[in-house]
Amino acid sequence: MSQPPSEPHVVVTGAAGYVGRHVVTALLERGFRTRAVVRPGRGGEIDVRADVVEADIFAPDFQVASLVGEQTLALIHLAWEDGFVHNAPSHMLRLSSHFAFLSDAVAAGVQRLSVLGTMHEVGYWEGAIDADTPTAPRSLYGVAKDALRQSTQIALSDKVELAWLRCYYIFGDDRRNNSIFARLLEAADRGQQSFPFTTGKSQYDFIDVAELADQIAVASVTPGVTGVINCSSGEPVSLATQVEAFIADNALGIELEYGAFPDRPYDSPAVWGDATRIRQIMAEYAATAHG
C-alpha cells in the first residue's frame, strides 16, 4: 500500500458504513481532503471526490503507518461490525483489534483521534445524558464500546487529542439502516396498510444522519475538542411523534397499530443527549469559518 499523502488530510475508517459515507461527504463539503477507508470491494459506494483506500485494517499484516502520518489532521474511527445487532459476539471478539489499531495510529503520528461511541454505553437512564453520566451497558455492543472508550482514555489521552463522539437515535438514508424507519419503508413496499407498534410513548433523541455526520466532521477537525461529546439533537421526542411524522413525510399510507407490542421493560421513558457542548463547537466553528 502507498504512503499517506503529504498534504493535510482527514482519514475516515468505516467510510462505506451507514454513518461513514455521510461523514466523508460532510468533510469534503467543508473543504477537507479525505481518505475514505473501506473493506475490499466497497470503494464504489463512496463520494467520488474522496481518496478511497480498500483495506482490512484488522489484518495481521496491515501497516497502519501506510494509512496515517504526520499530515493526518484527524483520524475518525467509525469502523465497527454488526452495529445493528447489539448482542453479536463480534463486538467483544473485535475489541482488542480496535484498541491495537488506534494505538498504532497514534504511534504513527496521528495528532487528533475521534472514535464513534453510542448511548448504549450508558444502559438504562432517565433524562439527559452528559459527559459525566455513569455507564452500565446492557448489551455486548454497549459493553464493547464502553470498554474501548475507557481503555483508549487510559492509554492514549496523554499522547493525542482524543474525542469520543457519542451518538443516539439516527434516521435518514433509511434504506441503509436497520431501524423502525427502514421497516416501515419495507412494509410500504409490500403494500401493508397497518404496522404493529408499541404505545410509542417513550421519548428519544432523534437526529438525521446528515446532521450527525456534520457534527462528527466538525468535532473531529476542531483542535482542542476532547473528551465525551454528545452528537445529538438534545431534544426528546416521543417515538410515536417521530414515526407518525415519518409516515406522513413519506406518504406511506400506513396506520400504526398502537399497543400491538408491549414497551420493552428496559427502555427508558425518556432519554436524550445533552447537546450543549456540540452546539457550542458547531457555533464556534461557524464563526471561525466566516470570520
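Restricting to the range 265-291, and then to whatever is part of a loop (DSSP other than H, G, I, E, B) and in contact (Cβ under 8 Å) with a residue 24 or more places away in the chain, can you tell me which residue is nearest to Arg183 (Cα to Cα)?
By that ranking, first place goes to Asp267.
Residues in the range 13-43 that are within 14 Å of Ile57 (Cα to Cα), open to solvent by less than 20 Å² (accessible area, probe 1.4 Å) and in contact (Cβ under 8 Å) with a residue 40 or more places away in the chain: how many?
Qualifying residue count for the region: 3.
Of all residues being modelled with pLDDT of 95 or more and more than 20 Å from the chain's Cα centre (by Cα) in the range 269-284, which is surrounded by the fewest Cβ atoms within 10 Å (Cβ to Cβ)? Just the residue, please. Working first, answer last.
Quick first cut of the range 269-284, residues modelled with pLDDT of 95 or more only: 270-284.
Checking which are more than 20 Å from the chain's Cα centre (by Cα) leaves us with 270, 283-284.
On the way: Ala270: 17, Ala283: 10, Glu284: 13.
Applying the filter and picking the extreme gives Ala283.
Might you let me know whether the range 122-135 holds any residue that is of a type in the set (A, V, I, L, M), buried (at least 22 other Cβ atoms within 10 Å of the Cβ) and farther than 23 Å from Phe84 by Cβ?
Among the residues of the range 122-135, not one is of a type in the set (A, V, I, L, M), buried (at least 22 other Cβ atoms within 10 Å of the Cβ) and farther than 23 Å from Phe84 by Cβ, which makes the answer no.
Please find, among Asp146, Asp82, Asp158, the residue that is open to solvent by 40 Å² or more (accessible area, probe 1.4 Å) and modelled with pLDDT of 95 or more. Steps first, please.
Details: Asp146 fails: open to solvent by 40 Å² or more (accessible area, probe 1.4 Å); Asp82 fails: modelled with pLDDT of 95 or more.
Criteria check complete, one pass: Asp158.
Scanning the range 68-96 for residues that are hydrophobic (A, V, I, L, M, F, W, C) and more than 30 Å from Thr222 (Cβ to Cβ), which turns out farthest from the chain's Cα centre (by Cα)? Outline the logic, then answer.
So the first thing to find is which residues in the range 68-96 are hydrophobic (A, V, I, L, M, F, W, C), and the list is 68, 73-76, 78-80, 84-85, 88, 92-93, 95.
Filter once more, so that each one left must be more than 30 Å from Thr222 (Cβ to Cβ): 85, 88, 92-93.
On the way: Val85: 15, Ala88: 18, Met92: 18, Leu93: 20 Å.
Residue satisfying both the conditions and the ranking: Leu93.
Find the residue count for the range 35-55, including only residues that are assigned to a loop (DSSP other than H, G, I, E, B) and more than 20 Å from Val106 (Cβ to Cβ).
Initially, the range 35-55 is screened for residues assigned to a loop (DSSP other than H, G, I, E, B), giving 39-42, 46-50, 55.
With more than 20 Å from Val106 (Cβ to Cβ) added as a condition, the list becomes 39-42, 46-50.
Residues meeting the conditions: 9.
Among the candidates Arg166, Arg149, single out the residue that is farther than 19 Å from Thr276 by Cβ, basic (Lys, Arg) and out of contact with any Lys or Arg (no Cβ under 8 Å at 6 or more places or on another chain). Reasoning before the result, please.
On the way: Arg166 fails: farther than 19 Å from Thr276 by Cβ.
Being farther than 19 Å from Thr276 by Cβ, basic (Lys, Arg) and out of contact with any Lys or Arg (no Cβ under 8 Å at 6 or more places or on another chain) holds for just one of Arg166, Arg149, which is Arg149.
Looking at (1) at positive phi; (2) open to solvent by 60 Å² or more (accessible area, probe 1.4 Å), which is the one condition that is false for Glu235?
Of (1) at positive phi; (2) open to solvent by 60 Å² or more (accessible area, probe 1.4 Å), only one is false for Glu235: (1).
Please work out which residue is farthest from the chain's Cα centre (by Cα), limiting yourself to the range 160-195 and to residues that are closer than 23 Å to Tyr258 by Cα and basic (Lys, Arg).
That would be Arg190.
Identify all residues within the range 196-209 that are in contact (Cβ under 8 Å) with a residue 60 or more places away in the chain and surrounded by fewer than 17 Cβ atoms within 10 Å (Cβ to Cβ); write none if there are none. So that I can check it myself, show each step before the final result.
Going through the range 196-209, the residues in contact (Cβ under 8 Å) with a residue 60 or more places away in the chain turn out to be 196-199, 201-205, 209.
Across the range 196-209, the qualifying residues are Pro196, Thr199, Lys201.
Here are some residues: Ile170, Ile216, Ile254, Ile180. Which one is surrounded by 15 or more Cβ atoms within 10 Å (Cβ to Cβ), of a type in the set (Val, Ile, Thr), in contact (Cβ under 8 Å) with a residue 40 or more places away in the chain and out of contact with any strand residue (DSSP E or B) (no Cβ under 7 Å at 6 or more places or on another chain)? So that I can check it myself, show each step before the final result.
On the way: Ile170 fails: out of contact with any strand residue (DSSP E or B) (no Cβ under 7 Å at 6 or more places or on another chain); Ile216 fails: out of contact with any strand residue (DSSP E or B) (no Cβ under 7 Å at 6 or more places or on another chain); Ile254 fails: out of contact with any strand residue (DSSP E or B) (no Cβ under 7 Å at 6 or more places or on another chain).
Checking each option against the conditions leaves just Ile180.
The values are calculated or read from the model by the stated rules, or taken from the named source; none is laboratory data. Remember, predicted model here, so these are calculated numbers, not experimental data. Using ideal geometry, Cβ is built from the backbone for each residue, glycine included, and neighbour counts are taken over all protein chains shown. In case anyone asks, the SASA skips ligands and DNA or RNA and just uses the protein heavy atoms, side chains included. Shrake-Rupley method; radii C 1.70, N 1.55, O 1.52, S 1.80 Å.
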